[in-house]
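The values are calculated or read from the model by the stated rules, or taken from the named source; none is laboratory data. A quick note: this is a predicted structure, and the numbers were derived from the prediction, not measured. Cβ placement follows ideal geometry from the backbone for every residue including glycine, while neighbour counts extend to all protein chains displayed. To get the accessible areas, we keep the full protein, side chains included, count just its heavy atoms, and leave off ligands, DNA and RNA. Shrake-Rupley method; radii C 1.70, N 1.55, O 1.52, S 1.80 Å.
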Amino acid sequence: MSSRDQILSLFRRKGAAFLSGQEISRTLNISRAAVWKQVEQLRELGFEIEARRSQGYRLLTGPDLLLAADIEAGLAGGIDWSVHCLAETGSTNQDLRQMAEQGAAEGTLLVADRQSAGRGRLGRRWESPAGVNLYCSLLLRPRIPPQQAPQLTFLSAVATAEALIETCRLPVRVKWPNDLLVGGRKIAGMLNEMSAESEQLHFVLLGIGVNLNMTAQQFPAELRYPATSVLLERGEPVARLVFIRSLLQRIDALYRIYLDEGFRAIRRRWEGLSDLLNCVVQVDQNPGLQVGTMVGLDEDGALRLQLEDGRIERILAGDVRLL
Ligand code: BTN
C-alpha cells in the first residue's frame, strides 16, 4: 500500500479525531516533510483535510474515489482480500488473468476507475467511462471440479443484486444466465472466466460491471438491449465506496456458505431473485426457439425448462423471455 493510502487508512481509523504529523511520521516511518507532501496529494485528489497547529490533521470529507485503503478498511471475513485500484486499464479481467497466471492469491481484487477495452459476454464491449461506475474482477481458487465453476457466476450475480438492493433500495431481478435488471433494463453484468486443466481448476475470475452513476448521455445509442444505472433509477447518485464495500461483504458471506454447504443455498437465493421461475418462457437459442416452463437451475448452472410433454430440457445458452 502506498504512503498516501496508508495515511488515508490512518485517518479512517481516527474518525473525527485529529492525527498528529508526528504520529503519522512514526507509524509510517517517513519524515514530517513527506507526511505533508502526502497530505497535499490527498487534497489535490479532492479530500478535505483540516490542519491545526497543535493537533495535527483530520479528514473532513472525501471525493467518490475508489482507493485500496478505503475499500479494505473494515473488511473482515473469510476471504483474505488484497485490493488493487487502477485509474485506467484495458480490462480488469484481462489484467487479473495475468496476475493469476503469475500466482496471485485468492482474494486478489482489481478495481479500475475506467476501462478502455471493457469486455462483456460473447465478445461484446462493456461501456466503462471514468469516475461513475464499478468495474472489478476478483480471483478465487476454490477446490472444486472445473464443471462446477459456473456456479460462481450465480454467486456473483446474487451478491451484486443483494448489494444493490441493500445500498440503493432498487427492485433488482436476475436474468439467466448472469444479467441484473431493474424494470427490464440491464444495470449490471458478470463476465466470469476460469482456467482449468483436465480435472483441475486453477482459478476463477469473477468480473463484475455495475452501472452506478452513469448518465443517459454516457450510454452508447446502439446498445443491444436497454440499459440503466442507479442514478437513472433513483435520480440520485450512490457513493461507489459504500456500494463496493457492501458487495465485497456479500461475496465473502456467500462464498463461505458456498464452500460449507455447496451450490444449493446460492441457487435458492438466485431463484428467489428471478421473475421467471415457474413461468412459461421462450428461449431464443439462435437458431431455434424453445418454449417451456422455467423450473430452475441445474448443478452446472444450466437452465431447466419443462416442455409441454413433461420432459426437462437443459438450456446451456440463449436469451430467455416471458411468453
Ligand atoms: C456482460 O453482461 O456482458 C458482462 C459484463 C462484465 C463487465 C465487467 S467490468 C469488470 C470486468 N472487466 C471486464 O473487462 N469485464 C468485466
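The portion of the accessible surface of the chain made up by carbon and sulfur, rounded to a whole percent, is 47 (1.4 Å probe; DNA, RNA and ligands excluded).
Residues whose amide H comes within less than 5 Å of that of ALA302, counting only those at least five positions distant or on another chain, are absent (H built at 1.01 Å from N in the peptide plane).
In this structure, the amide hydrogen of SER82, modeled 1.01 Å from its nitrogen in the peptide plane, lies closer than 5 angstrom to those of THR108, LEU109, counting only residues at least 5 positions away or on a different chain.
Modelled this way, with points 7 Å down the Cα-to-C-beta line, the labels at LEU289 and SER54 are 8.1 nm from one another. In a reduced charge model with +1 at each Lys and Arg Cβ and -1 at each Asp and Glu Cβ, the range 164-263 shows a dipole moment near 540 debye about its Cα centre.
Taking a straight Cα-Cα cut-off under 29 Å and skipping sequence neighbours fewer than 8 places away in the same chain, the lysines within cross-link reach of LYS186 are LYS175.
Calculated FRET efficiency, GLU299 to ASP260, Cβ-Cβ distance, R0 = 22 Å: about 0.80 to the nearest 0.05. Per residue, the chain exposes 48 Å² of accessible surface when a 1.4 Å probe is rolled over the protein heavy atoms with every protein chain present.
Tally Lys and Arg at +1 and Asp and Glu at -1 over the other residues with C-beta under 9 Å from the C-beta of ASN211: what net charge comes out? Within the 9 Å Cβ shell, the charges total 0. On a per residue basis, the convex hull of the C-alpha atoms belonging to the chain measures out at 147 Å³.
Accessible area of ASP275 (1.4 Å probe, protein heavy atoms only, ligands and nucleic acids ignored): about 90 Å². Rg over Rh for the range 91-130 works out to 1.01, both radii taken from alpha-carbon positions and Rh defined as the Kirkwood radius. Full extension of the chain segment joining ALA216 with CYS279 gains 19.5 nm, where the gain is 0.36 nm per residue of separation less the Cα-Cα distance.
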